[in-house]
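J.: Pasting a structure below so you can have a look.
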Amino acid sequence: MNRFGKSIDTPTSRRNVLRGSVLAGAAAVTGAGAFAMPRRAPLRTARADAASAHLHKVAEQMTAESDAKPADLSGYTRVRQELVAPPFAPEHEQVATGGPKIVEITMDTTERLMMVDEDTGASIWALTYNGSVPGPLIICHEGDMVELTLRNPADSMMEHNIDFHASTGALGGGGLTHVYPGEEVVLRWKATKAGCFTYHCAPGGAMIPYHVCHGMNGAIMVLPRDGLKDAAGNPLRYDSIAYFGEQDYYLPRDENGDYRFYEAAGDDYADSLDAMATLVPTHQVFNGAVGALTGDGALKAKVGETVLMVHNSCNVDSRPHLIGGHGDYVWETSFTDPPLTNMETWFVRGGCAAAAMYTFEQPGVYAYVNHNLIIAALKGATAHFVVDGQWNNDLMEQVVAPRPTEA
Amino acid sequence: MPTATSFRLAWLPVIGVSGLAVAVAFLGVAALRPWGADMTDLPSMTPRPVVMSDGSAFYAQIHEVTTGEWNRCADAGACKLRLRPPSGQTDTSWPATGLSLIDVTEYLKWLNETSGHEFRLPTRAEWRRMAADVLPDAPDPIFTDPNLTWASSYLVEGLVDRRLRPSGSWSESPEGVVDLDGNVWEWTQDCFRGEGFARGARCAAYHVGGEHDAVIPYLVRDPARGGCAVGSPPAHLGFRLVSDDPPPF
């Protein structure tokens, strides 16, 4: 069978449609009235509906044309994971019980106007998974399968897909998950590597950083089946998870330096590419907006509690530091390598997620920052923990309060 | 908490009103403007004084200084910053914000020199008196241990919306002073000191008046939310003036 035959014969292959939509977007931005909405003909929606309605059939057909063996799903138990908005984590087991699971999840590719910085009114038409930046944290165990239903709402402006760094093949699933407005797709992949991994939208070309820098990324944590361990193999357990997504935004400005406002998702496309090409973010924030995790959004903990801080940074390098605390155990890469211990600052490679475990020993307010402090203080990458408990004078005490000095 | 110690800033260039200027002002001869003074620059003050518990009284500017008022100082070349209302707004009756104490001092010096009047920043006590009726109740501290005073005023609820609004969008006090609450914090002339500070030491930070207590280094224009600043920093920094003399001027 000619593996290229289909795309030559089919007038609207995925690739063609993708190119078309990029061009249409750029043309619309430059004001070409011919491309006024709706950008896709109704025919497209009808096709999308038809495709969605017969997903199961389509899958069968692909299997029939393939030489590949069908996946062996015997021994797997299906479970549904209800995803929750960051900074929280879905219900999960730290140590897997029973045999391997097929973890069913659903994500909607929602395009929504989000405030990035209240002080300046800077906003963005965020491209999201399930409406949040970052996308929700997914948790499974090594050897489990993840079965994602990815739905693109009919009123979306753009196509979306997903590339799981934790998965193997087909561009991380990106090649098999392109969904246009009004379409859904189901992808199943096996989690063979334990660790924290980023996932992100990757529709192709310049659309990849465009989507990623509009918030379309998140993390999956693949735990070892017997849970986290220190270098000696002793179990490590946490009381809660704090899930941070570090997001670099490149928001276009007008001639006065004010942030531009756009009427719809995608309208900022050409301006955004120019801003992104500078490589200098206008904002670099945790969980979508300046101050999202401070004040009334601050994280809560108690002395003696152990928190696992999962940090996703899909695009830029980051160096998280917990001001007033430490990383007792840090997994910068995989969970199969022994954790680094007693870290002051650790490293999250851009295109990566990492985990750090800390047990609070002192009450107060802790700032979790990117310790490029310019980014922390001026670009927004600061979160706060408010920790209750008894002060420990052995660990620290103000021996003399500020008083006059002759020095 | 350290007690609030009020004193007039040594370096605030207060306000050397010459005898001639005073004479001109008292005569009310607007035509005599020896230094190009424009009486339209004068701030609108409350007709009624704000009376302190010790019986002293002062008059307060009704609104925070606006971008329009500020830019007349910029036009005169006396204020380095030129301000704009928020993006998309053309009206100039927005509070002038993004101002350090140094910026504010430029304005104060210019206004007093051109008008021949003596305006000043309020003291912290005056500011609190002005705002007593319109401020939300101070929340209980979230920590009480002395080693946690630095964190005790951290606010996890009741934080005001940070988006700037036009002048007059917030409350009005019984004396007719508006916008003491809201999301603009106002510079006072009171240095932040511990108890028994060494006299003659420089002042590095000042109290600002707003919905919660805050202390801001004199250089800061935009109290960024982040880093080690674990308090609940003000959203915007602006100011209003007070005068010991009654209007009209």
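Where a number appears in this text, it was derived from the coordinates with a stated rule and is not lab data. Predicted model only: the values in this text are computed from it and were never measured. Because the Cβ atoms are built from the backbone with ideal geometry, glycine has one as well, and the counts that use them run over all protein chains shown.
J.: Counting other beta carbons within 10 Å of each residue's own, what order do B:Cys79, A:Cys140 fall into, fewest first?
T.: Listing B:Cys79, A:Cys140 from fewest to most nearby Cβ atoms yields B:Cys79, A:Cys140.
J.: Compute the Rg/Rh shape ratio of the stretch A:147-209: radius of gyration over Kirkwood radius, all on alpha-carbon atoms.
T.: For the stretch A:147-209, the value is 0.98.
J.: Which value, in Å to one decimal place, does the Kirkwood hydrodynamic radius take for the stretch A:321-407 when every pair of different Cα atoms is included?
T.: Working: mean 1/r = 0.0658 Å⁻¹.
Computed over the stretch A:321-407, the radius equals 15.2 Å.
J.: Sort the following peptides by mean Cβ neighbour count (other Cβ atoms within 10 Å, averaged over residues), highest first: A:155-161, B:200-206, A:183-189.
T.: Ranked by mean Cβ neighbours within 10 Å, highest first: A:155-161, A:183-189, B:200-206.
J.: Using the eigenvalues of the Cα gyration tensor, what equivalent ellipsoid semi-axes result for the stretch A:64-107 when each is taken as the square root of five times the eigenvalue, whole Å, largest first? Intermediate results must be reported in sequence, preceding the final value.
T.: Values: eigenvalues 152, 51, 10 Å².
For the stretch A:64-107, the ellipsoid semi-axes come out as 28, 16, 7 Å.
J.: Hey, got the average number of other protein chain Cβ atoms within 10 angstrom for residues in B:130-143? Walk me through the numbers on the way to the answer.
T.: Numbers: counts 0, 0, 0, 0, 0, 0, 0, 0, 0, 0, 0, 0, 5, 8.
Per residue, the average neighbour count from other chains is 1.
J.: By count of other Cβ within 10 Å, fewest leading, how are B:Phe143, A:Phe385, A:Phe88 ordered? Don't jump to the answer; show the numbers that get you there.
T.: Working: B:Phe143 21, A:Phe385 25, A:Phe88 14.
Ordered from fewest to most neighbouring Cβ atoms within 10 Å, B:Phe143, A:Phe385, A:Phe88 come out as A:Phe88, B:Phe143, A:Phe385.
J.: Sort A:Met114, B:Met52 so that the residue with the fewest other Cβ atoms within 10 Å of its own Cβ comes first and the one with the most comes last. Kindly include the intermediate steps, with their values, before the conclusion.
T.: Working: A:Met114 19, B:Met52 14.
Least to most surrounded, the residues fall as B:Met52, A:Met114.
J.: Further, regarding this structure: How large is the translational diffusion coefficient of the stretch A:69-217 in µm² per second when you combine the Kirkwood radius over alpha carbon pairs with Stokes-Einstein at 4 °C and 1.567 mPa s?
T.: Answer from the Stokes-Einstein relation: 81 µm²/s.
J.: Can you give me the relative contact order of the stretch B:65-221 as a percent, contacts being Cα pairs under 8 Å and 6 or more apart?
T.: Here the relative contact order equals 22 percent.
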